[in-house]
Amino acid sequence: MGIGRRPMVGYLYILPLLVLLGLLSVYPALSVLWMSLQSIELANLGAAEFAGLKNYLLLLKSTSPTLGEALGLSFLFVFVSVVFHVFIGFSLANLLAIPWVKGKNAWRNLYMISWVAAGIVIGYTFRFFFEPRAGVLNYLMRLAGLAPRSWAADPKLAMPAIIIVNIWRGVPYSLIIETAGLQSINTELYDAARVDGANAWQMLMRVKIPIVKDFLLLDIILDTTDTFQVFETILAITGGGPLHQTETLALYMYNQAFRYGDVGRGSAIGVVLLAISIVFAVIYIRFFRPGKEEL
Amino acid sequence: MKKIGMMVFVLSVFVSFDIFAWGGGGEKPITLNVAVRDYTLDNEPPWKTGAAAYQKLHPNVKIVFEGLPYDDMRNKVLIAVAAGKGPDIAYVDCIWLGEYASNKIIIPVTKYMNATPALKNDLYSPFLAGATWKGEIYGPWSHTDVRTLVWNKDMFKAAGLDPEKPPTTWSQLREYAKKLTNPSKDVWGFGFPAFASEGSLDMWYPFVYQGGKGILSDDFTKAIFNQPHGVAAMQLYYDLMWTDHASPTDLIGVEEGQHTDGFDAGKYAMIIMAGTNKTNDAYADLTRQQFEARVGAAPYPLAPGGKVATGSGGWIIGITRDAKNPDVAWDFITSVLKTDNLVDFVVADGDEATYKSVVASPKYKEYLPQYPVRFGLMDSTHFRPPVPEYLKIADALLNAMQKVLTQKASAQEALNEAALIADSLLAQRKW
C-alpha cells in the first residue's frame, strides 16, 4: 500500500518541516502581532500591558517621519531597486548565456560576492566610499575633473546613493534566478526561431521573455519582499538621515524597537511590513498556484 | 519577512524560553557573570588582572566574562534581565542610566558606596552625580572620555596663527576657522559631526552648557535647549557653515569618528574630540611629546559671558537585579577598581580616568596627552540627560540640527519644534 492511500503517513514525513516552519515563521509572525497590541519596552519586556490599537494609532500620528513618509520612501527604494535588479540581472544572465563567453562560473561567483557579504559590512564599506573628504568616490570624481558631492549628506543624493548600493548588492540574486530561467529553455527553440529568420531582438522578445516570464515574476516578488526589509545597509550609510530622507519602513521599525526600545511600536511597524509581504505572497500564490501552465 | 522574522524570533525565544542565560550563580561555589565592553578585555587590566587577584583571595568565586560590542551591551543585557537570566555585573553607558534605573535593570549601590568612602570620595563630583538617578547611586565608573577642542598646530602655523594659542571665544573660533579654511584644497577650519547619530549632539552639547543651563530642566521634565543658550549654540554651527563657510556643508554625512579621521588627515584644522586621538593610527609612532607638538587640546571656546563647560561619556559598572550575590559582586568591583589596576587599564587602553587617585598617579600623568587641560576640565564636565526618553529626544534634536544645517529652518524654529516633541515625551514619563 503506497503513501497515496495512507495520507497521514505523508503528513508524518513533512511534520518535521512543518514544525520548523511554524517555529521559524508562524511563531515570530504571531509574536510580532501580539507584541504590536501591547505596551512593551525593551527595558521592561516582562511588564508588557495590553494596549489594544494604541501603537497603531501612535504610528498614524507619528511625525518624524510620518508613516506615509516612511512608506513612500520604502516604495521608492524598493521599486527602483527591483527594476534595476531584474533588468541588470536578466541582462547579465543573457550575457553569461552566450556560448563563447569564457569563465562563466568564475563570473557568476564574482558577482555573488556582493550578495553573500553581510549588509552591515557593505553599509560600512560604502559609508567610507561615500565619505566626502577621504571617500573613494569623491577622490575618483576629483581625478575625473568633476566636483565632489555630498553623497550621504545631501537630502537629494542620499536616497539615490543607498539605492545604488542596494542595486549593486541585489543584482546577483536576480542573476541566479534569471540564469535558471534561461537554462530551462530548450535550445531547439532557438534553432527553430533562427530557421524562421528571427533576429536577436525577436529571439529575446518572442522566445526568451515569454518562457522565462514566470522566473521574472518570481524574481520580482521575492526581491520586492526582501528589499522591503533592508535596513542595516541604510543604517550604516546614512543612519536614516539626512532629515529622515532615507528612513525606510524597515529602518524605522529597527529604530523604534531597538534604538529607542519601544518594542510595541516597532512591532506595529513590523506588522505593516508583514502585511505588505503577505500582499506580495498572495500575488505569488495566485500566479504560481497548482494547475497553472508549466514550462 | 526573513530578517524581521528572525529578529522577532530571537527576541521572542529569549523572552519565552529563557534560553538566553548567563547561567546565574549558585550558593557555592559562586559564579559571577560579568558583561563588559569587548575592548576592555583586549588588555589584561582591569578585568583579567582584577579577576586573577580576586580569585587568589576567593578561590570559590568563579568569574566569567563576556565582552560585548556597543549595541549588544544594551540589547543583550536588557533581554537577558527580562528573562531573569542577566549577568551579575554589566557595563552601563551613562546615557542609559535612567532607563536602567527606572526599570530596575540595575540596583542602587548607594549603601555600598557609602560603606566604601575611599572609592566614593575618589570620584570627581560630576561623575558621582553622573552615576546618580533620583538620589540613588547606581555604580562606580570604569572610564570616560572628556571632550576638548583639538587643533592641528602645523595648520595653525601655515595660516599665520600662533600654534600654541587656540581660540578661546566663539568669535575667535569663527575668525580662526575662516583663516584656516581653503576650500580649493578641501581644507576646513572647523569640522564637527552632524550625521544622524547621537554622537553628533554629544560634541555640540558643551556649547549649550556654557550658557549655564543644560538640555533639559533640572528636574528633567521640560526641554530648555530652545532657550537662548541653546539657540546661540545652534546658531554657532550654522554660522561656521553658512556665514563663514569655514565648515563644509556636507558634515551631515560625517559621523563622529569620521570627523576625527578627517582631522588626522589634515582636512579639518580644528575639531571637537572625545578623549585623546593619540591612540589613532596617524600618531602610532609618536611619543607623547611628539604628539603634543603636532596636536593641541583646549577647553571649548567660550560663549559671550559663558562659563567653561565640557561633556563626558563613559561607562558605569552596574549590578543587575539578577545578581544572586550582590555583596560579592560589589566586593569584586571594588577589587578591580584599585588605583594601580585602573591606571594600568586606562594607560593600556587609551582612556581617561574618573578617579582622583588615578589622575594624580605619575604613570597616568606621563601617559595622558595634554594632561593639564584634561585634568583641569574634570570638574566642569556635564553628562547627557540620563532620562529613559533621552534617545527619542536626541532624535528630535538631531533632526533640528540637520534642518538648521540644511537651511530648512532657523535655529529657533528647529529647536522649538524639537522642544515640543521632547516635552510631549517627557509628559508621558512613567518614572
(request) With a point put 7 Å past each Cα toward its Cβ, work out how far B:Lys324 is from B:Asp154 in nm, to one decimal. (result) 5.8 nm
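How large is the charge dipole for segment B:92-233, taken about the Cα centre, if only the Cβ atoms of Lys, Arg (+1) and Asp, Glu (-1) carry charge, to the nearest 20 debye?
Details: 14 positive and 14 negative charges, 53 e Å.
Rounded to the nearest 20 debye, it is 260 debye.
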(request) Just tell me how shielded B:195-205 is by partners: mean number of partner chain Cβ atoms within 10 Å of each residue's Cβ, no decimals. (result) 3
(request) Round to the nearest 0.05 the FRET efficiency obtained for A:Ala47 and B:Trp431 when R0 = 22 Å and r is the Cβ-Cβ distance. (result) 0.95
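Can you tell me the dipole magnitude for chain B around its Cα centre, using point charges on the Cβ only (Lys, Arg +1; Asp, Glu -1), in Debye to the nearest 20? Display every interim value, and only then the final one.
On the way: 42 positive and 48 negative charges, 102 e Å.
It works out to roughly 480 debye.
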(message) Using only the alpha-carbon atoms, how far is helix B:170-180 inclined from the longest principal axis of chain B? Give it as 0 to 90 degrees, nearest 10.
(response) 70 degrees
(message) What's the total accessible area buried between chains B and A, using a 1.4 Å probe, rounded to the nearest 100 Å²?
(response) 4300 Å²
(message) Along each principal axis of its Cα atoms, how long is the protein assembly as shown end to end? Whole angstroms, biggest number first, please.
(response) 90, 69, 48
(request) Please work out the average accessible area per residue across chain B, using the 1.4 Å probe convention, and give it in Å². (result) 37 Å²
(request) Can you tell me the 0 to 90 degree angle between the C-alpha axis of helix B:326-336 and the longest principal axis of chain B, rounded to 10? (result) 50 degrees
(message) For a protection proxy built on the mean count of beta-carbon atoms within 10 angstrom, sort B:191-197, B:99-105, B:118-124 highest first, please.
(response) B:191-197, B:99-105, B:118-124
(message) Treating only the Cβ of Lys, Arg, Asp and Glu as charged (+1, +1, -1, -1), what charge dipole size does chain A show about its Cα centre? Round to the nearest 20 debye.
(response) 240 debye
(message) Between A:Glu188 and A:Ile14, how high is the FRET efficiency from 1/(1 + (r/R0)^6) when r is the Cβ-Cβ distance and R₀ = 45 Å? Nearest 0.05.
(response) 0.75
(request) Summarise the accessible area of segment A:37-288 (1.4 Å probe, protein heavy atoms) by the percent that is carbon and sulfur. (result) 69 percent
(message) Please compute the Kirkwood hydrodynamic radius of segment A:37-288 from all pairs of different C-alpha atoms, in Å with one decimal.
(response) 20.5 Å
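Per the Kirkwood treatment, what hydrodynamic radius in Å, one decimal, follows for segment B:57-103 from the mean inverse distance over all distinct Cα pairs?
12.0 Å
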(request) Find the Rg to Rh ratio for segment A:161-295, where Rh is the Kirkwood radius over alpha-carbon pairs and Rg uses the same atoms. (result) 1.13
(request) Run the numbers on chain B and let me know its relative contact order in percent, using alpha-carbon pairs under 8 Å that are six or more apart. (result) 25 percent
(message) Given a Förster distance of 22 Å, report the FRET efficiency between A:Ala281 and A:Phe128 from their Cβ-Cβ distance, rounded to the nearest 0.05.
(response) 0.05
(request) Would you be so kind as to identify all helices of chain A, as entire DSSP H runs, whose Cα atoms reach 15 Å or more along the helix's own axis and whose mean Kyte-Doolittle hydropathy is at least -0.5? (result) A:7-21, A:67-95, A:104-116, A:119-130, A:158-183, A:209-228, A:263-288
(message) How much length would be gained if the chain were fully extended between B:Lys120 and B:Lys62, taking 0.36 nm per residue of separation minus their Cα-Cα distance, in nm to one decimal?
(response) 18.2 nm
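Is the shape of segment B:130-218 rounded, prolate or oblate, going by the alpha carbon gyration tensor and its root eigenvalues a ≥ b ≥ c, with a/c under 1.5 for rounded and a/b larger than b/c for prolate?
Working: a/c = 2.39, a/b = 2.34, b/c = 1.02.
Since a/c reaches 1.5 and a/b is larger than b/c, the shape of segment B:130-218 is classed as prolate.
For every helix of n ≥ 4 consecutive DSSP H residues, a contribution of -39,500 (n - 2.57) applies; sum these over chain B, divide by its total residues, and give [θ] at 222 nm rounded to the nearest 500 deg cm²/dmol.
Taking each H run of at least 4 residues, the total per residue is -12500 deg cm²/dmol.
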(request) Quantify, in whole percent, the carbon and sulfur part of the accessible surface of chain B (1.4 Å probe; protein heavy atoms only). (result) 53 percent
(message) With the cut-off at 32 Å, tell me which of the pairs B:Lys85/B:Lys213; B:Lys213/B:Lys430; B:Lys104/B:Lys356 have Cα atoms farther apart than that.
(response) B:Lys85/B:Lys213
(message) Given a 1.4 angstrom probe, what's the average accessible area per residue across segment A:4-125, in square angstrom?
(response) 61 Å²
(request) Starting from the Cα-Cα distance between A:Trp107 and A:Ala200, subtract it from 0.36 nm times their residue separation and give me the gain in nm to one decimal. (result) 31.2 nm
(request) Using only Cα atoms, find the angle between the long axis of helix B:47-57 and the longest principal axis of chain B, and express it within 0 to 90 degrees, rounded to the nearest 10. (result) 30 degrees
(request) Calculate the mean, over all residues of peptide B:98-108, of how many other protein chain Cβ atoms lie within 10 angstrom of the residue's Cβ. (result) 2
(message) So for chain A, averaging the separation of alpha carbon pairs under 8 Å that are six or more residues apart and normalising by length, what relative contact order in percent results?
(response) 28 percent
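Could you tell me what percent of the DSSP beta bridges with both partners in the protein assembly as shown are antiparallel, to the nearest 5?
65 percent
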(request) Past 29 Å, Cα to Cα, is the threshold; run B:Lys48/B:Lys111; B:Lys56/B:Lys134; B:Lys278/B:Lys307; B:Lys111/B:Lys324; B:Lys120/B:Lys392 against it and keep the listed order. (result) B:Lys56/B:Lys134; B:Lys120/B:Lys392
(request) For segment A:33-119, build the charge dipole from Cβ charges (+1 Lys, Arg; -1 Asp, Glu) around the Cα centre, then report which of A:Ser36, A:Leu57, A:Phe87 sits farthest towards its positive end. (result) A:Phe87
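The values are calculated or read from the model by the stated rules, or taken from the named source; none is laboratory data. If you're wondering where the values come from, they're calculated on a predicted model, not measured in any experiment. Note: ideal-geometry Cβ built from the backbone for every residue, glycine included; neighbour counts use all protein chains shown. Quick note on the areas: whole protein, heavy atoms, side chains included, nothing else; ligands and nucleic acids left out. Shrake-Rupley method; radii C 1.70, N 1.55, O 1.52, S 1.80 Å.
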